Structure formats: structure tokens, C-alpha cells
Amino acid sequence: MSSPQSSPRSEPARRIRPWRWLFLLAVLAALAWYATHSGDPGGSGGGQPAGGPRGGGGMRGERPVPVTLATIAPADVRVVVPALGSVVPRNLVTVKSRVDGQLLALNFVEGQNVKAGDVLARLDPAPFEASLEQARGQLARDAALLKNARLDLERYRGLLAQDSIARQQVDTQEALVRQYQGTVQADEAAVRNAELQLSYTTIRAPIAGRVGLRAVDPGNMIKTSDAAGIVTLAQVTPITAVFSVPEERLPAILQRHRSGKGLVVEAWDREMKNRLAEGRLLAVDAQIDATTGTVRLKADFANGDGSLFPNQFVNVRLLLDTLSGVVTVPTAALQQGAKGSFVYTLGDGGKVAATPVKLGPVDGALAAVESGLAVGDRVVVDGLDKLKDGATVEPIDPKAVDAPGRERKGGNGPRGPGGRPGQ
């Protein structure tokens, strides 16, 4: 029996196997090369992976961070005292009836602006007209008695001159005339009171302002003791706002207020997006609230357009002073660190440096700089989330970024092919 022979297919397989390993090694090498060079759009072969660090500024093949810059320039900065306030009507009146009676009609539309003296409501006048006629009748009766007593007194005096009657009878008649005079005076007062009560059946606006929602409907009996009255009337032109400021601000405020120069007060909406009105400081409270350490102030606004409404919440900005020609920085450039505020300034080679700054008053989008920056310095205002000290940046035009059809992502501006910032 002959020895086993190898299969004809086994030899070629053993010869091919080493080439298969070489092929696999070549594929792995190609994948490794692609992984290490795909982050270099210029094909320079820097060897920096696509997800490698960005912003160090000194590593080969690193992409600059697109940022928007602003140039430091002098400007006027307002010293503003911010506060929270509430709008208060200049005068607020609850219109009530001064007599009891049935309400016949209301002569206003809810929410209407009225003038002082306009008729707001009418009560049934019939009971008051009857009382007036009764008082007038009593006055006529007593006036007639007084006239007759005076005539008798004249006759008695003539008889006394002829020594026909006693002096005592004349004195008695004089006393009766004085008594009737007092009665007539009381009757005249009763007539005037009845006329006044009748006039109260016509209810008029005591001040000019805007009427609220009515508290009673026509046909109801109303009394002088009704707490809600008939309607509320608020004077809204002009109107006031009450707000509180810290007590340490009080000396500077009082100095300006007492000088007669006046302090401008602005009222802004809840989101601080729209300025509603501008007015003047009207008064300072007589005492400081010991609980909160604040003092209440009142400002006056013309409110011709009706932008302020009673009990409306407003953000108040009291203009205390204006600093002219000081170094300013956009508040969008400010960052907070362990040692305080700082900004990223552009240096040589397109690199940024974290520069500490000492800030002064802040006015909206600008902040005064007491130290740390000079006129002409360039600071980063957009793209800050990708920065660190020493990062390389590429300035971009904000107008190009905000143009229609362009989209900003992550504050770095639009990117073209290969991850480069769009031009």
C-alpha cells in the first residue's frame, strides 16, 4: 500500500497564504495613513488627526478659530442706577355716591378717558326733589310769620310813642321777630342742603383720567357705604413710577436732585428690550427701609402715548451722570475668570491673549474700562467659546456671516469644504 499523497489543491493554497497576509497589511497601512492625514485639507501631511486640539496656536496643521473682532475706541458712557419699579397713577379715585338712591344710568364706557366734571352716573332724583319742595314750603311759611311779626313790631313802637301800650309788649314783639329770623335762616339752610342733596344725584368725574370696570349696574340701589363704589378713575397722563435703589446711591442722587438739574429716568419693559418712556425724578422718600437697606424714589412720566399702565412692572434706569470720551469695551467681549474680568486681545501672528481688565460703569452694550486696554486694541466679541490663551484666530467679517443664506454655528462662522471658514 503506497504512502498517502498530498492533494493537488493543498500546495497552491500554501503558496498563496503569505501573499494574503501581505495584502491585509497593505490595507491596514492605507487606512492608518488616511486616518492621520484626513484632517489636513491642504494635503501637507502635518500628521495632526482631524479631531486633534484646536486653539493652541503652535501645533503644526492646526486650524485657526474664526472670530469677530472689535476695535477699542473712546465713547460716552452713562452712569446708570438700575432698579425694579411699579407704575402708579398720579391720582387714583374710587368714585362713590354721596347719597343713597337707585342708579338710573351710567354715562361712560369702561376704559374711556374722561375729563374732570364729566357726568359719570345719575341717580333717581325724585325723592330729593320732594325734600327740596318741602324745605322751600317751610321757608315760605316761616318767612310769612317773620314779615307779620315785623309789621306788628312797627305798630307797637308807634303806640309806645303815644304811651298807649306798655314797654314790655314792645320788647316781647322784638323777641318774636328775632325768633322768626332764626327760623327763616334755618329754613334757608335746609333749602340749600336739599338742593345740594339733589345735585349729588348727578355723579361727576372728580379728576381727569381713565375709568375702569364698573362695579354696579343700572337699576341697583347704591349706598354711600359701598366700599367698591361705582367705578375707579385713574389719572394716567401724567403717571408715576415708584422704585427702590440701594442706600449707598442716595448721597449722589440727592446732590443732583437738590441742585435743580434734574435726573432723567427711563422705564423699560420686563425683557429690557424696549424703552417705554422717559421722565424725571419727582421725589425721594423721607426714610430708608432698614429691612432692605433701600430708599424709595418716585419718577414722573408724561405718558402721552399711554405706554405705561397702572400697576405695570417696569425696569427703571436712573441716569446719574455721563462719562465723556472714556475707553470702552463691548460687553459681548467680557469674560469672567478666577481673577475677575478679562478679554481676548489680538496680538502678533494672529494669536490672542487673555488680558485682565478693570471695569467701570456699564451702560447697555458698552462698559467703561479703567485699566487693561487702550484705544486701538482689538478684542474678540464673537467665537469666544473655542478660545484659550495663545490660540490662533482668523478674523471674519460679521456682515458676511450674517448675510442671507449663511448660517452661523457655534459662534465660529460658516465653513466651506474641508472645514475651512467660508470667505
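The values are calculated or read from the model by the stated rules, or taken from the named source; none is laboratory data. Keep in mind the model is a prediction, meaning the values are calculated, not measured. As a convention, Cβ positions derive from the backbone with ideal geometry for all residues, glycine included, and neighbour counts pool all protein chains shown.
What to note about this one:
- Flag if Gly304 is at pLDDT below 95 and part of a loop (DSSP other than H, G, I, E, B): yes
- Residue check, Val81 in contact with a helix residue (DSSP H, G or I) (Cβ under 6 Å, 6 or more places away or on another chain), hydrophobic (A, V, I, L, M, F, W, C), in a strand (DSSP E or B) and closer than 30 Å to Val242 by Cβ: yes
- Restricting attention to segment 118-148, the residues being under 19 Å from Ile222 (Cβ atoms), buried (at least 18 other Cβ atoms within 10 Å of the Cβ) and aliphatic (A, V, I, L, M) number 3.
- Some residue of segment 154-165 being closer than 29 Å to Arg136 by Cβ and touching a helix residue (DSSP H, G or I) at 6+ places or on another chain (Cβ under 7 Å): no
- Segment 349-371, subset touching a strand residue (DSSP E or B) at 6+ places or on another chain (Cβ under 8 Å), outside any strand (DSSP E or B) and modelled with pLDDT under 90, residue nearest to Ala73 (Cα to Cα): Ala365
- Segments classed as strands (runs of 3 or more DSSP E), wholly inside segment 118-211, with at least 1 members that are touching a Leu at 6+ places or on another chain (Cβ under 6 Å) and among the basic types (Lys, Arg): 119-123
- Of the candidates Ala144, Ala161, Ala135, Ala140, the single residue that is of a type in the set (A, V, I, L, M) and at pLDDT below 95 is Ala161.
- Among the residues examined, Gln255 qualifies as of a type in the set (S, T, N, Q), in a helix (DSSP H, G or I) and surrounded by fewer than 16 Cβ atoms within 10 Å (Cβ to Cβ).
- Number of residues in segment 193-249 that are buried (at least 17 other Cβ atoms within 10 Å of the Cβ) and among the charged types (D, E, K, R) equals 2.
- Options Asp142, Asp152, Asp163; residue that is assigned by TED's automatic domain parsing to the domain that holds Asn193 and closer than 30 Å to Ala194 by Cβ: Asp142
- Residue match in segment 265-278 (condition: part of a strand (DSSP E or B), within 19 Å of Pro89 (Cβ to Cβ) and not hydrophobic (A, V, I, L, M, F, W, C)): yes
- Long-range neighbours under 8 Å by Cβ, at least six apart or interchain, first residue assigned by TED's automatic domain parsing to the domain that holds Ala299 within segment 314-325, second loosely packed, with under 15 Cβ neighbours inside 10 Å and of a type in the set (Asp, Glu): Val314/Asp269; Asn315/Asp269; Thr322/Asp76; Leu323/Asp76; Ser324/Asp76; Gly325/Asp76
- Within segment 81-98, considering residues that are in contact with a Leu (Cβ under 7 Å, 6 or more places away or on another chain) and among the aliphatic types (A, V, I, L, M), the one surrounded by the fewest Cβ atoms within 10 Å (Cβ to Cβ): Val93
- Sole residue being among the small types (Gly, Ala, Ser) and either closer than 30 Å to Pro125 by Cα or touching a His at 6+ places or on another chain (Cβ under 6 Å) (or both), chosen from Gly219, Gly158: Gly219
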